[in-house]
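Just below is one structure, and these are the notes that go with it.
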Amino acid sequence: MDNQPPEPTPLGDPRTDDAALGFLLASAHQAARGALSDELRPLGIETRHSAVLSALDRLGPTSQRRLGALLGLDKSAVVRIMDELERLGLAVRNRSARDRRAYAIELTTEGRRRARSAAETANAVGGRLFGWLSPGDRERLVALLTGIVEHAAAPAPGEEGGRS
C-alpha cells in the first residue's frame, strides 16, 4: 500500500498548507465514514445509529442528555436519532425512575442484536482501514488526533473561555 503523502492539489499541499491538511483530514473522515456506512447498510442502520447502539449496549439504560454528552451530539440530534431507532424497533425511551422529566433510553432485544452485529462490522471495517498501521504508527495517530480535538476545543487567541 502506498502511504506516501499526497501530491499537492488545487487546494494546496497538506505537507505545508494548514487548510489543505484540514481538507485531507476531512477527506479521510468522509472515506472512513463512507466505508462504514456501506457495510452497515445491510443491517438497516446508519453510522449515527451504530454509535448510539454501541454506547447503549455498553452503558445500559441511560439518559438522552448523558448519551448526547458522551457522543458529542446536541439535544436535537439525539432526539432525531432516538425517533429513528424507536421506529426501527431497536430502542425505547422510558421515563427515568430517578427523574420523571428525563428519559432512560434502552435497547430492545433486536437493538442489542443489531448493536453487536454493527460492532462486528465496525471492527472489520476498522481492521481494513487501520490494520496496516504499526503499533507505533497507531499510537502516534491517536496522539495526533487527540491533540487536534483538544486544540479545536481550546479558545482561539484573544478569546476568553471556551467555544459553545
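List of remarks:
- Selection status of Ala91, touching a helix residue (DSSP H, G or I) at 6+ places or on another chain (Cβ under 9 Å), under 29 Å from Leu141 (Cβ atoms) and modelled with pLDDT of 95 or more: no
- Within region 38-62, the residues that satisfy the criterion of being of a type in the set (Ser, Thr, Tyr) and open to solvent by less than 30 Å² (accessible area, probe 1.4 Å) are Thr47, Ser50, Thr62.
- Screening Gln64 on (1) farther than 26 Å from Ala32 by Cβ; (2) more than 19 Å from the chain's Cα centre (by Cα) shows it passes everything except condition (2).
- Just one of the numbered conditions (1) at pLDDT below 95; (2) open to solvent by 40 Å² or more (accessible area, probe 1.4 Å) is not true of Phe130: (1).
- Residue list for region 142-159, filter: without any contact (Cβ under 8 Å) to a residue 24 or more places away in the chain and open to solvent by 60 Å² or more (accessible area, probe 1.4 Å): Val142, Leu144, Leu145, Thr146, Val149, Glu150, His151, Ala153, Pro155, Pro157, Gly158, Glu159
The values are calculated or read from the model by the stated rules, or taken from the named source; none is laboratory data. Source: prediction; values computed, not measured. For neighbour counting, all protein chains shown are included, and Cβ atoms are generated from backbone atoms with ideal geometry for every residue, glycine included. Only protein heavy atoms, including side chains, enter the accessible area calculation; ligands, DNA and RNA are left aside. Shrake-Rupley method; radii C 1.70, N 1.55, O 1.52, S 1.80 Å.
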